[in-house]
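Asker: I am attaching a structure below and will ask some questions about it afterwards.
The values are calculated or read from the model by the stated rules, or taken from the named source; none is laboratory data. None of the values given here were measured: they were computed from a predicted structure. Cβ placement follows ideal geometry from the backbone for every residue including glycine, while neighbour counts extend to all protein chains displayed.
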Amino acid sequence: MPAEIRLPGRDEPLIIADPGWPRGYPSPVSRSVYAAAHVAARPGGEIDWESTLRFRDFLWDHGFGVAEAMDTAQRGMGLSWAGARELIARSAARAAERGAAIACGAGTDQLPPGTHPLPDIVAAYQEQLDAVQGAGAGVILMASRALAASARSGQDYLGVYLTLLRQADRPVILHWLGAAFDPALAGYWAAPDFESAAEVVTTLAERADGKVAGVKLSVLNAGQEVALRRRLPPGVRLYTGDDFHYDELIRGDGQGHSDALLGAFAAVTAPAAAALRALDAGDLAGYDAAIGPTMPLSRTIFEAPTACYKVGVAFLAWLNGLQPRFAMLGGLQRRRAPEHLIRVFELAAAAGALLEPGLAAARMTEYLAAAVPQ
């Protein structure tokens with residue numbers, strides 16, 4: 001049933017329509033798609049494991065693979081390596097029970113900030129790689145703050161990554177996260193510009209003996225993504241992490257398309273699943289109709305400071321009844337102003353991303369009463 005709510009700054013009540021999406025979707029066949037999942041928290045700051053795992057069930061129910069323990073889960077912004085290791089173990093066990101797809105982030109965040117000898121960085125990566133593989137999950141080799149601070153050349157990056165790839169028991173996804181998401185990763189691949197960095201990544205994929213399944217690119221530049229996509233060796237997927245342009249990149253062109261590994265798909269799960277279902281059926285108009293309205297919402301969630309996008313993901317999970325409270329590790333939910341979250345709410349209603357209008361209206365009313373002075 002539709003619901004209505006009065007929001008600050010609006011003369012008329014906002015009507016929230018029932019989007020009518022099915023409660024589940026099969027996994028898409030024309031694209032490989034992962035949603036990067038967030039972590040729900042309890043008021044005291046510890047992980048709410050029940051809600052966190054329930055959210056992963058929600059993503060799997062909609063046909064997505066889960067990208068676990070990534071930056072969306074607050075790696076480097078509240079989730080320690082110890083917490084990430086437990087998260088990986090729990091989620092991988094849940095995935096195994098369901099026969100569901102999961103790939104987990106392996107990085108170097110157990111190292112303290114600053115520079116480190118490259119062998120120490122390899123050892124840190126190796127510890128996490130072993131933990132992910134031991135849990136039975138696929139591996140995403142995350143971009144490393146320690147490596148960004150310590151490497152002096154593209155050859156340094158190649159040496160570290162090729163050493164790790166030799167230890168991987170299956171092909172991995174490389175994670176290229178731009179500085180908009182994490183300023184500590186500026187200049188990654190020891191390159192002064194995108195073209196030079198893309199050359200290092202392409203060389204790595206070519207020399208990896210089949211151990212690179214794909215590259216997850218998050219630089220928020222569709223033209224640069226298409227250029228890299230066309231340079232990658234055959235069989236290496238380009239997983240878009242572009243939360244501003246994923247509609248056109250997944251749709252593709254006459255020369256190919258991007259697959260997806262997106263934090264946005266944890267926020268717009270149902271309409272994105274419907275769009276991918278239409279794409280599988282060759283219904284491009286249906287794809288555009290479902291995915292198009294999610295774009296203004298995603299661009300708002302990921303607006304600067306982009307690293308705070310996790311707040312919007314958790315906010316929508318709460319509005320949709322997937323966690324009992326709007327709480328994040330380290331109180332991160334306080335990093336977005338009420339005005340921002342009001343816009344997120346309005347755009348979520350327009351995108352069909354509020355799955356139970358009555359519940360969403362009630363919870364938004366609760367949020368406004370606490371956050372917006374009367």
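Asker: Residues 333, 323: which one is under 28 Å from residue 178 (Cα atoms) and among the polar types (S, T, N, Q)? Walk me through it before giving the result.
Answerer: Values: 323 fails: under 28 Å from residue 178 (Cα atoms).
Among 333, 323, only 333 is under 28 Å from residue 178 (Cα atoms) and among the polar types (S, T, N, Q).
Asker: Here's a follow-up. Counting only residues that are touching a residue at least 40 places away in the same chain (Cβ under 8 Å) and under 19 Å from residue 155 (Cα atoms), which one in region 178-196 is surrounded by the fewest Cβ atoms within 10 Å (Cβ to Cβ)?
Answerer: 196
Asker: Would you check which residues across region 306-321 are in a loop (DSSP other than H, G, I, E, B) and crowded, with 19+ Cβ neighbours inside 10 Å and list them?
Answerer: Passing the criteria: only 320.
Asker: Here is a follow-up. Just the residues that are in contact (Cβ under 8 Å) with a residue 12 or more places away in the chain and not in a helix (DSSP H, G or I), please, taken from region 335-344.
Answerer: 336, the sole residue that qualifies.
Asker: While we're on this one: What do you reckon, is residue 361 in a loop (DSSP other than H, G, I, E, B), in contact with a strand residue (DSSP E or B) (Cβ under 6 Å, 6 or more places away or on another chain) and modelled with pLDDT of 95 or more?
Answerer: Numbers: in a loop (DSSP other than H, G, I, E, B): no; in contact with a strand residue (DSSP E or B) (Cβ under 6 Å, 6 or more places away or on another chain): yes; modelled with pLDDT of 95 or more: yes.
No, not satisfied.
Asker: Consider only pairs whose beta carbons are under 9 Å apart and that are at least six residues apart or on different chains; among these, list those whose first residue lies in region 226-252 and is free of Cβ contacts under 8 Å to residues at least 60 places away in the same chain and closer than 12 Å to residue 214 by Cβ and whose second residue is crowded, with 23+ Cβ neighbours inside 10 Å and of a type in the set (Ser, Thr, Tyr).
Answerer: Matching pairs, first to second residue: 229/240; 229/258; 238/258; 240/218; 240/246; 240/258.
Asker: From the list 347, 332, pick out the single residue that is touching a residue at least 24 places away in the same chain (Cβ under 8 Å), assigned to a helix (DSSP H, G or I) and over 19 Å from residue 51 (Cβ atoms).
Answerer: Criteria check complete, one pass: 347.
Asker: Considering only residues that are surrounded by 21 or more Cβ atoms within 10 Å (Cβ to Cβ) and either more than 20 Å from the chain's Cα centre (by Cα) or farther than 24 Å from residue 304 by Cβ (or both), which ones fall in region 324-356?
Answerer: 349, 352, 354, 355, listed by residue number.
Asker: While we're here: What pairs come up if the first residue lies in region 55-69 and is of a type in the set (Gly, Ala, Ser), the second is assigned to a helix (DSSP H, G or I), and their beta carbons are under 6 Å apart, counting only those six or more places apart or on different chains?
Answerer: These pairs meet every condition: 63/273; 69/84; 69/87; 69/88.
Asker: Exactly one condition in (1) assigned to a loop (DSSP other than H, G, I, E, B); (2) under 25 Å from residue 306 (Cα atoms) is not met by residue 59; state its number.
Answerer: (1)
Asker: To continue, here is another question. Taking the criterion of being over 18 Å from the mean Cα position of the chain (by Cα), among the basic types (Lys, Arg) and part of a helix (DSSP H, G or I), would at least one residue in region 92-106 satisfy it?
Answerer: yes
Asker: Residues that are touching a residue at least 12 places away in the same chain (Cβ under 8 Å), buried (at least 23 other Cβ atoms within 10 Å of the Cβ), closer than 25 Å to residue 184 by Cβ and not basic (Lys, Arg): does region 41-53 have at least one?
Answerer: Yes: region 41-53 contains one or more residues that are touching a residue at least 12 places away in the same chain (Cβ under 8 Å), buried (at least 23 other Cβ atoms within 10 Å of the Cβ), closer than 25 Å to residue 184 by Cβ and not basic (Lys, Arg).
Asker: Further question: Filtering region 203-229 down to residues that are among the β-branched types (Val, Ile, Thr) and under 28 Å from residue 298 (Cβ atoms), which residue is surrounded by the fewest Cβ atoms within 10 Å (Cβ to Cβ)?
Answerer: Of everything passing the filter in region 203-229, 219 is surrounded by the fewest Cβ atoms within 10 Å (Cβ to Cβ).
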